[in-house]
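Q: The structure's right below; bear with me while I get my questions together.
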Amino acid sequence: METVTDKKIVIETRDIAKVYHDSKIAVQALRDVDLEISEGEFTAIVGPSGSGKTTLLNIIGGLDNPTAGTIKVAGRDISKLKDSERIDFRLHNIGFVFQQYNLIPVLTARENVEFIMLLQKIPVHEMKARSLHLLEEVGLKEKANVRPSELSGGQQQRVAVVRALASRPKFILADEPTANLDSASAANLLDMMARMNQEEGMTFIFSTHDQRVIDKARRVVTLEDGIIKSDEVRS
Amino acid sequence: MKMLATIAWRNVWRSRGRSLVVIGSIVVGIWALIFMLGFMNGFMISYINGAIKHEISHIQIHEANFKKDPNIGFVIPGGMDLAEFLTSNPRIQAVSPRSLTSGMISSPRKSSGGRIYGVIPDRERSVTHHDSLITEGSYFKSDLKNPVIIGKELANTLKVRLNSKVVLTFQDRENNLVAGAFRVAGLLETTSPQINKASAYILMEDLTRIAGLKEGVHEIALLLENPESETVVLPDLRSAHPDLLIESWREIAPELELFLSMTDSFLWVLIGIIMIALIFGIINTMLMAVLERYRELGMLMAIGMNKWRIFMMIVIETIFLSLVGGPIGILLGLMTMYWLGMQGIDLSAYSEGLREYGYSSILYPYIENSSYVYVAAGVIITALLGALYPAYKAVQLNPTEALHTV
Ligand SMILES: Nc1ncnc2c1ncn2[C@@H]1O[C@H](COP(=O)(O)OP(=O)(O)OP(=O)(O)O)[C@@H](O)[C@H]1O
Ligand SMILES: [Mg+2]
């Protein structure tokens, strides 16, 4: 498991396992997952459906707890946090981009971008500046005052990424951000994420099925039946 | 907080149709509340005013012993002078001194017990307005000698008509039975069974003459200019005449007070029913809104919106619903009350039955200004109560599961 060694390790999982018990049979979604992620990575988590990608991202993002093992994110054992502390932790450290339904439908693109910053109590002028700058950056300046229903799927996902970025989290976790997009929009979104990763130095972890998306990652972690099958770093 | 309010406000208009249904039911609920309050108030006021205006008046004065022992001897000392003196009080609209005793009222065919009032017609008319309730004959206007006015029902019982002869028998000072012959000059119809079935009104001079009294005032009835000045007039009178029994209409007719409190509690029950209906409507709607937005709420929690904010967002949304509906309902109610307060509601179609309850067949709904404040507060409380459960449901959700539901 070679990573860019001169960088600080910001996510560290040790022997993580996750078993779901809600159906009659227990489902082992993850087993013995050891993973280290360094600052500034642009990493794809890939694998067939049901291999545990979403489960892993949810655990890293503090949305779910592992059944066994430890997880440290930004130096903190997040499985030990209380519910309210965990929400706060997510607010200040993690940006999420989901497959769909990312945006608040009654808010405009810009308001959506500013939403997390509002929760973070960022001063208004700075908030406005950041949101306008980032929307311009991704070519959505004209759509700033438009509601999500008037945006295309690709534009919505770009707004979601911009929202995550604007709040300056330590990581951005994106669970199949391109699953609902045509391949052109998917490539477009990935290019934008890669550029943001370069420019802002934010750590990106995303899951995907899409080979063209995988090609853009600098590290690819492959899961199969909840086990890490391979972990490949590209130049 | 401002952002929460913005989201909540826009969410209200997200399911326009559903929100309008809730707003509409809030409007109707409030309007109905105000209307009922006004109607009941108007009804009570009209009933009580009727009773005051035609039967009991605002204040009655008696000799201290008279009520316990209605002996014809217990007259108010200097009663006529006192009555005269009270007439000059600017707070008092009308004064009627009366002689009062009980006795038998007999026709050639039947007889019946009852009260016999000796009145000064002009004075009595200004207090009890009985001249307006005469159904046959006139109010002491004919030249008949020894006129008597009796209730219509009593006339039926006695089987007498206008101009028939009746004999009144009662005790004089020395407990001797005395009697006088009278002619029926008018028939009276009121809402009081006591007056209709068991009262006879004759001239005071006739009564005192037959009873052999020098001074014959047993009762002085007062009508006030303004009912509220009772709180001033009553204590004044009492301290000026500590030896007399001076009572307000509440003491004279405690059943009116009872009636008041009964309608009051009935009203509270109605208000409760309307509010509970509103609460369930609101719970239902907001629960639908929450379930519909399950995924969205999950996303909000995932990106860092805490439970308190989510709770508040739902509560604020509900309050907005009621804040839109509330003022419209109150305004409609206000306008209805204003219009009906001037126009009145003509109940004459039903007044055959209502005759039992009050004098006026036109009802003027009335509502105190403070009631609007109560109604407004009630709506806000209702909305808050209705919001609690859906908001609780919203914060209970688990973000990963919520995001999974498709
Ligand atoms: N809430 C849950 N309750 C029960 N089982 C679950 C739950 N979530 C996931 N699983 C199971 O855990 C396993 C891993 O699921 P997960 O969603 O992590 O896979 P995935 O790699 O994200 O799949 P996909 O590519 O389809 O999104 C699957 O077998 C799934 O059925
Ligand atoms: Mg998945």
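Q: Would you mind getting the accessible area per residue of segment B:65-242, heavy atoms of the protein chains only, 1.4 Å probe, in Å²?
A: So segment B:65-242 comes to 48 Å² accessible per residue, rounded to a whole number.
Q: Distance between the C-alpha centers of segment B:1-79 and segment B:91-152? Whole Å please.
A: With segment B:1-79 and segment B:91-152 each reduced to a Cα centre, they are spaced 34 Å.
Q: Quote the FRET efficiency, to the nearest 0.05, computed for residue B:260 versus residue B:21 with a Förster distance R0 of 41 Å and r equal to the Cβ-Cβ distance.
A: The pair residue B:260/residue B:21 has a calculated efficiency of 0.65.
Q: Related question: Kindly provide the trypsin sites (Lys or Arg not before Pro) of segment B:1-68 that DSSP labels as loop, not H, G, I, E or B, and whose Cβ sees at most 13 other Cβ atoms within 10 Å.
A: Of the trypsin sites (Lys or Arg not before Pro), the ones in loops of segment B:1-68 whose Cβ has at most 13 other Cβ atoms within 10 Å are B:68.
Q: Determine the gain in length on full extension of the stretch residue B:142-residue B:5; use 0.36 nm per residue of separation and subtract their C-alpha separation, reporting nm with one decimal.
A: Extra length available between residue B:142 and residue B:5 comes to 41.6 nm.
Q: Could I ask something else about it? For chain A, what relative contact order do you get, as a whole percent, if you take Cα pairs closer than 8 Å and at least 6 residues apart?
A: RCO, chain A: 28 percent.
Q: To continue, here is another question. When only C-alpha pairs under 8 Å and at least 6 residues apart count, what is the relative contact order of chain B, in percent? Working shown, then result.
A: Numbers: 696 pairs, mean separation 108.5, N = 406.
RCO, chain B: 27 percent.
Q: Let me ask you something else. Determine the alpha carbon to alpha carbon distance for each of B:110/B:145; A:82/A:128; A:7/A:170; A:24/A:82; A:80/A:121; A:82/B:2 and list only those over 24 Å.
A: A:82/A:128; A:24/A:82; A:80/A:121; A:82/B:2
Q: Which parts of segment B:291-335, residue by residue, lose 50 Å² or more of accessible area when the rest of the protein chains are there, as against the chain isolated (1.4 Å probe)?
A: At a threshold of 50 Å² (probe 1.4 Å), the residues of segment B:291-335 that become less exposed are B:295, B:299, B:302, B:303, B:304, B:309.
Q: Residue farthest toward the positive end of the dipole of the protein assembly as shown, with Cβ of Lys/Arg at +1 and Asp/Glu at -1: which of A:213, B:196, B:315?
A: A:213
Q: Let me ask something else about it. With a 1.4 Å probe, how much accessible area is buried between chains B and A, both sides summed, in Å² to the nearest hundred?
A: Rounded to the nearest hundred, the buried surface is 2200 Å².
Q: Compare the Cα positions of B:341, B:93, B:231 along the charge dipole of chain B (+1 at Cβ of Lys, Arg; -1 at Cβ of Asp, Glu; about the Cα centre) and return the one farthest towards the positive end.
A: With unit charges placed on the Cβ atoms, the residue in question is B:341.
Q: Using the basic label-point model (7 angstrom from Cα toward the beta carbon), what is the residue A:17 to residue B:129 distance in nanometres?
A: The answer from the label model is 9.2 nm.
Q: Is there a pair in A:18/A:72; A:141/B:307; B:68/B:152 whose C-alpha atoms are over 26 Å apart, and which pairs would that be?
A: Pairs exceeding the cut-off: A:141/B:307; B:68/B:152.
Q: Please sort by residue number the trypsin sites (Lys or Arg not before Pro) in segment A:173-235 whose DSSP state is loop and whose Cβ has at most 10 other Cβ atoms within 10 Å. Walk me through the intermediate numbers first.
A: Numbers: sites: A:195, A:212, A:216, A:218, A:219, A:229, A:234; in loops: A:216, A:218, A:234.
For trypsin sites (Lys or Arg not before Pro) across segment A:173-235 that sit outside H, G, I, E and B with at most 10 neighbouring Cβ atoms in 10 Å, the list reads A:234.
The values are calculated or read from the model by the stated rules, or taken from the named source; none is laboratory data. On a predicted model such as this, the values are computed, not experimentally measured, just so you know. Virtual Cβ from ideal backbone geometry, glycine too; neighbours counted across all protein chains shown. Remember, those area values only see protein heavy atoms, side chains included, never the ligands or the DNA or RNA. Shrake-Rupley method; radii C 1.70, N 1.55, O 1.52, S 1.80 Å.
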